[in-house]
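The block underneath contains the structure these notes are about, expressed in structure tokens.
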Amino acid sequence: MSELLEDVYAQRFSDADAAAKNAIWREITAFLQRYVPEHGAVLDIACDRGDFIRNISASEKWATDLRDVSSHLPQEVRFVQANGLELDRHLPHDHFDVAFMSNYLEHLANGEAVVEQLRVARALLKPGGRVVVLQPNVRLVGGAYWDFIDHSVMLTERSLVEAGELAGLRTVELIVRFLPYTTKSRLPQSPRLVRAYLGFRPAWRLLGKQTLYVGGK
């Protein structure tokens, strides 16, 4: 599976794409910082090249991925190569203030795996900790959801909340329409446009295809 993912991501994102994506994520993490205590411990699950964990402020940063992506991460990030569904075997329980996932759950095998992944993330959180999920919403995206060969599970805001509840999480916040579908969407593209977009919520109702879910332990 990890070899397939290497091939998929190598074809999907060039080095130039990765640099542009990181610039966009600097703006996104500035918005998401409100959910992450700067003196806390944060975990980025399925981190890829670390666009979130590189740009977020926290005193303790951890990241995991099925692939060895450690060469893309800053030195201050503690990287653990592992299957996300098995993180409770590799990471300390009741330790993290925030566990973050972006565009990940749709790659799991089925709904049962989605619930299990959220259960595993919950086990790693301190009491009062939060799972923050940024997730494409198939109800909003439509058929384009299947433009990526590695998408397997259909998720809407309702099924995401239901999965969180089954995993023992309470819904703290749900923004149904948040970001456009992908970083290759037509708008916005530049960091300046992303900043303007995030600051103008009416635009979310027009372009937002991804849902932001925050669940509490």
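The values are calculated or read from the model by the stated rules, or taken from the named source; none is laboratory data. Treat the numbers as computed from the prediction; the structure is a model and nothing was measured. All Cβ positions, glycine included, derive from the backbone under ideal geometry; neighbour counts span all protein chains shown. Calculation scope for accessible area: heavy atoms of the full protein, side chains included, ligands and nucleic acids excluded. Shrake-Rupley method; radii C 1.70, N 1.55, O 1.52, S 1.80 Å.
Since only 71, 90, 145 are under comparison, the one whose Cα sits farthest along the positive direction of the charge dipole of segment 66-217, derived from C-beta charges on Lys, Arg, Asp and Glu, is 145.
Each Cα pair under 8 Å and six or more residues apart adds its sequence gap; the mean of these over the residue count of the chain is a relative contact order of 19 percent. Does anything in segment 17-39 have its amide N under 20 Å from the 7 Å Cα→Cβ label point of residue 192, and if so which residues? Residues passing the 20 Å test: 19-31. In the chain, the DSSP beta bridges split such that about 40 percent are antiparallel, to the nearest 5.
Taken over the alpha carbons of the chain as equal point scatterers, the Debye sum produces base-10 log I(q)/I(0) values at 0.14, 0.15, 0.16, 0.18 Å⁻¹ of -0.83, -0.98, -1.14, -1.54.
Heavy-atom surface analysis with a 1.4 Å probe gives segment 69-216 a carbon and sulfur content of 51 percent of its accessible area. Between residue 175 and residue 206, the distance separating the two model label sites (each 7 Å from Cα on the Cα→Cβ line) works out to 1.8 nm. Projected label points at residue 144 and residue 75, each 7 Å from Cα along the beta carbon direction, are separated by 4.2 nanometres.
Overall, the chain carries a charge dipole of about 1020 debye about its Cα centre when +1 sits on the Cβ of Lys and Arg and -1 on the Cβ of Asp and Glu, all other atoms neutral. Per residue, segment 67-194 exposes 49 Å² of accessible surface when a 1.4 Å probe is rolled over the protein heavy atoms with every protein chain present. Normalised by 2.2 N^0.38 Å, where N is the number of residues, the alpha-carbon radius of gyration of segment 30-90 equals 1.06.
Of the residues 54, 34, 195, the one that moves most in a GNM of the chain with alpha-carbon contacts below 10 Å is 34.
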